[in-house]
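Please read the structure below before turning to the comments.
The values are calculated or read from the model by the stated rules, or taken from the named source; none is laboratory data. These figures come from a predicted structure and were not determined experimentally. Here Cβ is always computed from backbone atoms with ideal geometry, including for glycine, and neighbour counts include all displayed protein chains. Only protein heavy atoms, including side chains, enter the accessible area calculation; ligands, DNA and RNA are left aside. Shrake-Rupley method; radii C 1.70, N 1.55, O 1.52, S 1.80 Å.
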Amino acid sequence: MIIKNKAVVSDDWTVLRLSENETPESVTVPAAKVIVPLKVWQAQRAKLQNRTELGVWLASNERPEELKGEVEKFDVIAVDFPKFADGRGYSIAYNLRARLGYVGELRAIGDVLRDQMFYMQRVGFDAFAPRPDKNIHDALKGLTDFSETYQTSLDQKLPLFRRVKRDGIATAG
Amino acid sequence: MYKYDVYDHQIVNERVAQYRDQVRRRLSDELTEDEFRPLRLQNGLYMQIHAYMLRIAVPYGMLSSTQMRMFAHIARKYDRGYGHFTTRQNLQFNWIKLEETPDLLADLATVEMHGIQTSGNCIRNITSDEYAGVAADEIIDPRPYAEILRQWSTFHPEFAYLPRKFKIAINGAIEDRAAIAVHDIGLSVIKNEQGEIGFRVLVGGGTARTPIIGSEIRDFLPWQHMLTYIESIMRVYNQYGRRDNMYKSRIKILVKAIGIEEFRRQVEADWADIKDGTGTLTVEELNRVAAYFTAPAYETLPANDPGVASYKTENKAFANWLRRNVKPHKIPGYAVVVLSLKKTGVAPGDASAEQMDVVADMADRFSFGELRATHKQNLVLADVKQSDLISLWKEAAEHGMASPNIGLLTDIICCPGADFCTLAFARSIPLSKMISERFDNIDFQHDIGEIELNMSGCVNACGHNHVGHIGVIGVDKKDGGEWYQVSVGGAQGNDAAIGKIIGPSFNFQQMPEVIDRLLQVYVRERLEEELFIDTVRRIGMAPFKEFVYATPIEAEESVDKSAYGFIDKPDNYTVQRKSRF
Ligand code: HEM
Ligand code: SF4
C-alpha cells in the first residue's frame, strides 16, 4: 500500500536496494515492476531501457541532473529519505519537477513519516511510501495539516501575496 | 507594528492543532522521542536539565503591550513567574510541562505569537535593529522586509530540514545594530546611486566553534529579488551543506570550503531560473506590509524638555540614567528609553511576570503600546515624550528596571549556562552575577565607559562571546571543573571582529579578578576619551595578557549560591551534562 494522489492505494512496484555484496553492474534486476537505484540504471542502461515499465530512485546524496534528458523514460521516480531529518530530498524533488520537467509519479521512500508529508507534497511528491511500521491511514492525515501557505513551491505557483487580496492596515480590525 | 490578517491567523491556528495532535501521539507513544524531537524543536520546545524550555519568537524584536501581558500570564500560569529575554530577541520560559504546551501555544496564538521555527534545523526567527523606525541614522526601516521574510520562511516546505539551523539578520541603519556579519545571511538595506533600494548581502558569518565574519555575495540586490535570491542561497546550502558532522554543517563551512566565488556562482546559476519569477516581490505587497510600520501620531514638541534639563541637575541618579539609558530619537521632543534587565543580582535578561505587566502598562501610557526586545537582552520603549521621562524613570526604578548601565560593564550578555542548559561546560549566570557585584559601583562603570562583556557557558557561544570586547566562554578541561577562556578585541557592528583568546583558562573564582586586571590595563593605557575596544585595537592583546598572567590569581571568596538557588554547593560543583537537547 502507498499513498498516491491523496488516497491509500495498492501498489505493485518493488524498490531494489543493493545489498553489500552486490554491485550496480552485476545485480540482477527482476522482471517485475522495479524501481532501481540510479547507479543500476546507469550501469545497466542498455539492458533496462527497453523495459515497458521501469522506475528509478535517487539517494539523498545523488544529483537529479544525472537524469537530465531521460526523466520521461520512467514510470516512477523515487527519492530516498535515509533519515527523515535529511532534507536534501526536498530540493531533489523540486529540481526534478521544476528544472528537469518531470511530470510522472514522484515517490518519497525510506524514512517517510506523517509529519513531513505536507512539505513533501508541496515540493512535488505525489506518492508516498510511509515507513511500514506506521499506520498508512494515519499518515494520510499529514497531507491536510494546513489549508494555506505563504510561499511558492511546486504545488503553488503564486505566493499568497499574488494569489489573494490580503487585508491591509486600513481594513485590519 | 504588523497585525495578522485572516491568513496569518489561520496558519498559526492550524499549527497549534497540528502540534496538539503531535503531543497527543507522543504521549501515547505513537511517536518515539527521536521522531518527536524535531517536531517539538520546530515549535520552540527544548529539553533542558530541569524541565522543558519553550522559546517564543518575537519577530525582529517587536512586541505590543498585549503580547507582553500574555507573557506575564504565561509566566504565572505555566512557568514559575518569570521569563528570559534572549540575545536573539526572543523570550524563553524555563519550567514548562509538555502536556501543557498545546494550551500555552493556543493562548499565545490569540495574541499573534508562536514558537514556530525558534529551534531546529530550519530558518529561525529573523532579527533586526532594536531601534528600527526611530533611529536617527536609519536609511530604510528594515521591518517591512523582515516581516516579508518572516512570512516567506514560515513553513517553507523545502527548507525545514536543513543541514543545520539558519539565521538571518537585517539592518537598515548606518550603524549595524543587528550583528549582520555573524549571521548565516546578513542583509543591510541600502540605496544605490540612482536612489533605488536594495540589499548588500553577506553570507556565511557565524560564531560558535568556527567564528567567522560573513562574506559579501552581492553588493546590491534590488529589493524585489530578496525572496528569490535567498531561496537560491537556501537551495544550494540544502543540497551541499555537510550533514555528516553537526559541527561542520553550518553554511559558513560550505562557503569556506568552496570559496565565496564558487558559492556565488552556484547561487547565481540556481537563481537565473527563478529570477523575475512569481516569487518576485511586488510593490503592492511591500506597501501593504510597510503600511503597518508607519510613524505613530507624534505631537509637535520642543526639541528639549526644560523639566528634564532642570531635574537632571538636581538628581544624579536620574542624570546617570539619562546618560546611559536614554537614546536620541529622530523626532524632536521624543526619546528612546532602554529598560535595563541587568540589575545586579538578577540573571541578565530575566523579567518577572510583575515586571512584564508593568512594562506593558508603561508601553501603553508612554510609547503607543509598543516595545522591543534587544539583542543585548534589555527592553526598549521607542517613542517616549521627553516630558514623560521623569515619571517613567521613577516607575522603572521602582520595579528594578532603571539600572543606569546600558552599554556599560554590567550590561552583560549572558547565555543560560549550566544552571539550565544541558550542553554547558560551566555556569554563566552566577558568574555574571559575581562580576556585576564586584563592579557594581556605577561611578566606576561610568568611568570605564562603553564596554561589552559577553559570556557563554560553552563553545556554542549563545552569549555572543566572540564579538564581546571581553568575551568569556566555558571550556571543557575534562576534570568536571568550571573553566573559562577569556578573549579581548571582539566587536559587533560595523567594525565586527572576532576576539582573540588571551591565554590559558581560569576557574570560576578567579574570573572577577581577571576582568579587574583587564580593566586596570585599560585605565593605565587609555588615551583621553578612548573606549576599551579602541585601546585594545591600538595596543594589541599583549599588554593585557602580560598583566593578567603576571602574578597568580587568588580565588575570590564571596562565591554564593547559584543565581536561582537550586545549585547549592558551588565550590565542589560539577557540571551536569546530558546528551543533546
Ligand atoms: C538553553 C538552551 C540552548 C541550547 C541547547 C542552545 C544551543 C545552541 C547551539 C548548539 C548552538 C551552536 C550552533 C552551531 O554551532 O551550529 C547555539 C548557538 C547560538 N545560540 Fe543557543 N542554545 C540555547 C539557548 C540560547 C539562548 C538562551 C540564547 C540567547 C540568549 C541563544 C542564542 C544563540 C546564539 C546567538 C548562537 C550563536 C549564533 C549561531 O551560531 O547561530 N541560545 N545554541
Ligand atoms: S552557550 Fe552553551 S551553555 Fe550557553 S546556552 Fe548555548 S549551548 Fe547552552
Exclusive hit being within 16 Å of ligand 1 (Cβ to nearest atom), touching an Asp or Glu at 6+ places or on another chain (Cβ under 6 Å) and not assigned by TED's automatic domain parsing to the domain that holds residue B:182, set B:82, B:46 = B:82
For region B:128-154, enumerate the residues that are touching a Lys or Arg at 6+ places or on another chain (Cβ under 8 Å) and either closer than 17 Å to residue B:225 by Cβ or within 14 Å of chain A (Cβ to nearest Cβ) (or both).
-> B:140
For helices (runs of 4 or more DSSP H) lying entirely in region A:31-120, having 2 or more residues that are in contact with a helix residue (DSSP H, G or I) (Cβ under 9 Å, 6 or more places away or on another chain) and under 21 Å from residue A:139 (Cβ atoms) picks out A:88-98
With the first residue restricted to region B:511-530 and required to be in the same structural domain as residue B:426 (by TED's automatic domain parsing), and the second required to be part of a loop (DSSP other than H, G, I, E, B), Cβ contacts under 6 Å at 6 or more apart or on different chains are B:512/B:556; B:513/B:553
Taking region B:197-218 and keeping only residues that are under 15 Å from residue B:263 (Cα atoms) and among the charged types (D, E, K, R), one is left with B:216, B:218
Being touching a Pro at 6+ places or on another chain (Cβ under 8 Å) and modelled with pLDDT under 95, is that true of even one residue in region B:68-79?
-> no
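Residues checked against (1) over 20 Å from the mean Cα position of the chain (by Cα); (2) under 22 Å from residue B:462 (Cα atoms); (3) within 16 Å of ligand 1 (Cβ to nearest atom); (4) within 14 Å of chain A (Cβ to nearest Cβ):
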| site | (1), (2), (3), (4) |
| --- | --- |
| B:325 | no, no, no, no |
| B:334 | yes, no, no, no |
| B:347 | no, yes, yes, no |
| B:358 | yes, no, no, no |
| B:364 | yes, no, no, no |
| B:409 | no, yes, no, no |
| B:421 | no, yes, yes, no |
Take the residues of region A:64-90 that are within 14 Å of chain B (Cβ to nearest Cβ) and without any contact (Cβ under 8 Å) to a residue 24 or more places away in the chain: which is most open to solvent (accessible area, probe 1.4 Å)?
-> A:85
Here are some conditions: (1) open to solvent by 30 Å² or more (accessible area, probe 1.4 Å); (2) within 16 Å of ligand 1 (Cβ to nearest atom). Residue B:275 meets all but one. Which one does it not meet?
-> (2)
Within region B:400-439, which residues are among the aliphatic types (A, V, I, L, M), more than 9 Å from ligand 2 (Cβ to nearest atom) and in a loop (DSSP other than H, G, I, E, B)?
-> B:401, B:402, B:406, B:408, B:409, B:412
Identify all residues within region A:120-173 that are open to solvent by 60 Å² or more (accessible area, probe 1.4 Å) and more than 7 Å from every other protein chain (Cβ to nearest Cβ); write none if there are none.
-> A:132, A:133, A:135, A:137, A:141, A:144, A:155, A:163, A:165, A:170, A:171, A:173
Any chance residue B:219 is more than 16 Å from ligand 2 (Cβ to nearest atom), farther than 30 Å from residue B:11 by Cβ and open to solvent by 30 Å² or more (accessible area, probe 1.4 Å) | yes
Does residue B:87 qualify as being touching a His at 6+ places or on another chain (Cβ under 8 Å) and either farther than 30 Å from residue B:180 by Cβ or open to solvent by 10 Å² or more (accessible area, probe 1.4 Å) (or both)?
-> yes
Which members of region B:17-32 meet the condition of being assigned to a helix (DSSP H, G or I) and open to solvent by 20 Å² or more (accessible area, probe 1.4 Å)?
-> B:17, B:20, B:21, B:24, B:26, B:27
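Going through region B:356-399 one residue at a time, which ones are outside any helix (DSSP H, G or I) and of a type in the set (A, V, I, L, M, F, W, C)?
Of everything in region B:356-399, those that are outside any helix (DSSP H, G or I) and of a type in the set (A, V, I, L, M, F, W, C) turn out to be B:368, B:371, B:373, B:379, B:380, B:381, B:382, B:384.
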The residue that is nearest to residue A:118 (Cα to Cα), considering only those in region A:5-30 that are among the β-branched types (Val, Ile, Thr) and outside any loop (DSSP other than H, G, I, E, B), is A:8
Among residues belonging to region A:107-117 that are open to solvent by 10 Å² or more (accessible area, probe 1.4 Å) and closer than 17 Å to residue B:162 by Cβ, point out the one that is nearest to the other protein chains (Cβ to nearest Cβ).
-> A:115
Considering region B:163-200 alone, what residues qualify as being farther than 27 Å from residue B:119 by Cβ, in contact with a Pro (Cβ under 8 Å, 6 or more places away or on another chain) and open to solvent by 20 Å² or more (accessible area, probe 1.4 Å)?
-> B:196, B:197
